[in-house]
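Undergrad: My questions will all concern the structure given below.
The values are calculated or read from the model by the stated rules, or taken from the named source; none is laboratory data. These numbers come from a predicted model, not from an experiment. A quick note on method: Cβ atoms are made from the backbone with ideal geometry, for glycine too, and the neighbour counts reach across all protein chains shown. Protein only, heavy atoms only, side chains kept; ligands, DNA and RNA dropped before computing areas. Shrake-Rupley method; radii C 1.70, N 1.55, O 1.52, S 1.80 Å.
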Amino acid sequence: MTITRRTIIAGTALAAAPLGGPVLAQTAPSSPAPAQGSASRQAPGFYRYKVGDIEVTAVNDGFAQRPLEGFVRNAELSQVQQAMQEAFLPANALPITFNTLVLNQGGRLTLIDTGNGDMGAPTTGRWMANFRAAGFDPAQVSTVVISHFHGDHINGLRLKDGTAVFPNAEVMVPAAEWAFWMDDARMNQAPEGMKGAFQGVRRVFGPIAGAVKRYDADKEIVPGLTSIAAPGHTPGHTAYMLSSGSGKLMIMSDTTNHPALFVRNPDWAAVFDMDADQARATRRRLLDMAASERAQVAFYHAPFPATGHIAKDGNGFRFVPMQWSPAV
Ligand SMILES: [Zn+2]
């Protein structure tokens, strides 16, 4: 049968006929349902899944809008807009989300990266509410593992007023990252636009400089969590392999920014990549590994809950989100 507007209407009438009575309720509902407010007011932004015996909780810290102009250093704006259009994303600004991971191993909590704290855009700063809604308390965190020293990953460690957010946590950072950002000579030589980043690192880590543990690449830094050198985005930028039993999760950190741009086009360089060529080589190596091993991946800046798989696609790759599951 050819479906036309007429047959749809006829079908609807037929389906409704056996009810015998009025098809639509004639009375108004007892109370109106007002719109609930801005798009940032969703159910709490946490999502749990298992990696072997480890319970992983992705905790979202909101999002920030990034203008597209100048965001990809080695592509024309029109090419970037085309990639946005293919992913059904807005034409002029990229919504970048922030997603930390909490690992629960027999009641011992490890947090990987911390979000923007109270230093980010007004659409960020949701982390603590989401973390608490997930059933956690910051005093329960035993270890905070940092992937690299950009503000959206470290500022959640310390409030603007100086308060340490995780009073009982050991803080672990990449040794190469520490060596770069804590070097005063390098800070003094840095271009004016980059000095703030060095100062931000000192704001967060200065008061605990003696206690911060520095880890190397290819080390098991907490049980089941092994560091992978992923330089380029920053000098000491680190990814991880989380393993438990047969479960594996590749934690990609900022190996890519938004997957719709940089998983699709792994040779594109985001403006945040400090060494674009090194970042590109790292990105190809890790995406290739994830695709060939069919490994589950987590990205800090993928759409929440920021976990899925990587498929090869032409000269690039495709991010395939995990299906949301009501069961952990
Ligand atoms: Zn980042």
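Undergrad: Can you give the relative contact order of region 71-145 as a percent, counting alpha carbon pairs under 8 Å and 6+ residues apart?
TA: That works out to 25 percent.
Undergrad: Here is a further query. Compute, for the chain, the length of the dipole vector about the Cα centre, with Cβ point charges of +1 (Lys, Arg) and -1 (Asp, Glu) only. Units Debye, rounded to 20.
TA: Using Cβ point charges on Lys, Arg, Asp and Glu, the chain gives about 760 debye.
Undergrad: Using only Cα atoms and rounding to the nearest 10 degrees, what angle (0 to 90) does helix 192-205 make with the longest principal axis of the chain?
TA: Roughly 90 degrees between the two axes.
Undergrad: Just going by the charge dipole of the chain, with Lys and Arg at +1 and Asp and Glu at -1 on Cβ, which of P122, Y300, W324 is farthest out on the positive end?
TA: W324
Undergrad: Pick from S78, S142, S243: which residue has the top mean-square fluctuation in a GNM of the chain where Cα pairs under 10 Å get a spring?
TA: Greatest mean-square fluctuation among the candidates belongs to S78.
Undergrad: Still on this structure, I have one more. If exposed means no more than 15 neighbouring beta carbons inside 10 Å and the site is in a DSSP loop, what's the longest run of the chain without any exposed chymotrypsin sites (Phe, Trp or Tyr not before Pro)?
TA: So the longest stretch without any such site is 89-323.
Undergrad: If the chain between A209 and Q65 were fully stretched, how many nm would it gain, using 0.36 nm times the residue separation less the Cα-Cα distance?
TA: That pair, A209 and Q65, stretches by 48.6 nm at full extension.
Undergrad: Lys/Arg Cβ at +1, Asp/Glu Cβ at -1, dipole of the chain taken about the Cα centre: which of F180, G156, T97 is farthest positive-ward?
TA: Positive-most Cα among the choices belongs to T97.
Undergrad: When the helices in the chain are scored as -39500 (n - 2.57) per DSSP H run of 4 or longer and the sum is shared across all residues, what 222 nm value do you end up with, to the nearest 500 deg cm²/dmol?
TA: Using -39500 (n - 2.57) per qualifying helix, the result is -7000 deg cm²/dmol.
Undergrad: How large a share of the accessible area of region 46-321, in percent, is made up of carbon and sulfur atoms when the probe is 1.4 Å and the other protein chains stay in place?
TA: Carbon and sulfur: 52 percent of the exposed surface of region 46-321.
Undergrad: Can I ask one more? How high is the FRET efficiency between A185 and D288 when r is their beta carbon distance and R₀ equals 45 Å, given to the nearest 0.05?
TA: For A185 and D288, the calculated efficiency is 0.75.
Undergrad: Excluding ligands, DNA and RNA, what is the solvent-accessible area per residue of the chain at a probe of 1.4 Å, expressed in Å²?
TA: 50
Undergrad: May I pose another question? Can you tell me the 0 to 90 degree angle between the C-alpha axis of helix 5-16 and the longest principal axis of the chain, rounded to 10?
TA: Its long axis makes an angle of about 80 degrees.
Undergrad: Follow-up. Please list, by residue number, every one of the GluC sites (Glu not before Pro) in region 189-297 that is coil in DSSP and has at most 13 other beta-carbon atoms within 10 Å.
TA: Answer in residue order: no site qualifies.
Undergrad: Output the relative contact order of the chain, whole-number percent, from Cα pairs under 8 angstrom with separation of 6+ residues.
TA: 15
Undergrad: Moving to a separate point now. In the chain, what is the volume of the convex hull around the alpha carbon atoms, normalised per residue and reported in Å³?
TA: Measuring per residue, one finds 211 Å³ for the Cα hull of the chain.
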